[in-house]
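Take a look at the structure below.
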Amino acid sequence: MDLGGRVALVTGASRGIGRAVAIALAGRGAHVAVNYNGNAGAAEETASLVREHGVEALVIRADVADQEQVGAMMQQVLQKFKRIDILVNNAGITRDNILALLQEQDWDAVINTNLKGAYHCAKAALRPMLKARWGRIINISSVVALTGNPGQTNYAAAKAGLIGFTKSLAREIGSRNITVNAIAPGYIATDMTTNLTEENKAQLLKSVPLGRLGAPEDIAAAAAFLAGEGAGYITGQVIVVDGGMAM
Ligand code: NAP
């Protein structure tokens with residue numbers, strides 16, 4: 001239980017990758033704050049799955065794009081657990097369209113949730129982590145940050161921004177024993193990718209050497225590794241978990 005006694009906040013943990021990350025961290029002994037935005041029932045389900053590992057869970061609704069809500073969320077975490085050791089910036093949305101048709105509100109929504117949300121959460125977690133001289137910040141980017149993807153200029157820009165954010169922050173706070181890394185998932189089977197037609201899926205799989213879509217647990221395993229003591233000398237990195245798609 002290498003995360004025994006640690007406290008993690010996972011944003012967007014009601015479903016998909018965030019839920020799997022919350023469960024994986026709990027499985028290694030961490031108490032978990034389960035953040036969500038709209039799906040209270042799903043977040044409670046995640047919390048129950050976390051508690052099955054004998055650790056505590058705290059469900060918190062907050063829109064990560066809203067600084068005040070993030071501040072209040074961090075206060076709740078600190079009030080209950082007195083510490084925050086691991087922050088996983090996972091909350092994310094897509095609003096896909098080709099640039100010619102992409103509306104400003106869809107640009108803003110994606111940047112504000114995926115990129116600005118990470119800024120709000122990392123900033124709120126920083127002070128207690130600096131004080132403790134221990135911390136892990138894990139940002140969930142995407143392989144499209146590295147490759148680009150038609151119809152996703154907003155999303156790819158946000159996810160590429162997260163990589164620059166990761167490397168810069170890693171340099172800022174490395175001396176305080178806080179690591180900052182990003183994970184770039186490929187195509188993972190979650191609500192976010194359910195719109196793929198069977199034809200699209202078959203086409204996509206041709207570019208994945210491992211021949212399958214990823215599972216949320218594939219990303220969770222990488223996150224749990226980065227959160228652990230064993231990854232203490234890894235910072236500023238982007239771990240690509242994509243079945244070999246973007247090598
Ligand atoms: P998902 O199944 O759609 O789940 C998204 C999660 O984010 C939900 O828990 C949702 O909460 C939460 N969320 C959305 N907006 C939020 C906000 N403003 N504040 C707080 N929480 C918010 O997505 P997923 O596939 O698990 O994706 C998780 C992360 O991985 C995202 O950052 C995504 O961009 C990234 N990613 C996914 C893939 C993929 O193929 N699936 C690939 C690369 C990267 P509610 O349930 O309350 O709405």
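The values are calculated or read from the model by the stated rules, or taken from the named source; none is laboratory data. All values derive from a computational prediction rather than experimental measurement. Because the Cβ atoms are built from the backbone with ideal geometry, glycine has one as well, and the counts that use them run over all protein chains shown. Note: areas computed on protein heavy atoms with side chains; ligands, DNA, RNA excluded. Shrake-Rupley method; radii C 1.70, N 1.55, O 1.52, S 1.80 Å.
A few points about this structure:
- Applying 1/(1 + (r/R0)^6) with r as the Cβ-Cβ distance of Asn177 and Met1 and R0 = 30 angstrom yields a FRET efficiency of 0.90.
- Sorting 186-195, 203-212, 27-36, 173-182 by their mean Cβ neighbour count within 10 Å, with the most densely packed peptide first, gives 27-36, 173-182, 186-195, 203-212.
- When the chain is reduced to its Cα atoms, the Kirkwood hydrodynamic radius in Å: 17.9 Å
- Between Gly214 and Tyr187, Ile188, Ala189, the built amide H atoms are under 5 Å apart, and every one of these is 5 or more places off in sequence or on another chain.
- Rounded tilt (10° steps) of 117-132 against the dominant C-alpha axis of the chain: 30 degrees
- Accessible surface for segment 7-241, divided over its residues, is 46 Å² per residue with a 1.4 Å probe.
- Mean Cβ count within 10 Å, highest first, over the residues of peptides 12-21, 54-63: 12-21, 54-63
- Label zone at Glu45 (point 7 Å along Cα-to-Cβ), backbone N below 11 Å, segment 1-17: 14-16
- Taking each of Lys159/Lys201; Lys80/Lys131; Lys80/Lys159 in turn, the alpha-carbon distance tops 25 angstrom for Lys80/Lys159.
- Nonpolar atom fraction for the chain, defined as the carbon and sulfur part of the 1.4 Å probe accessible area, stands at 50 percent.
- Structure-based [θ]222 nm, the chain - -39500 (n - 2.57) summed over DSSP H runs of at least 4, per residue, nearest 500: -13500 deg cm²/dmol
- Folded to 0 to 90 degrees: helix 40-51 orientation relative to the chain principal axis, Cα: 60 degrees
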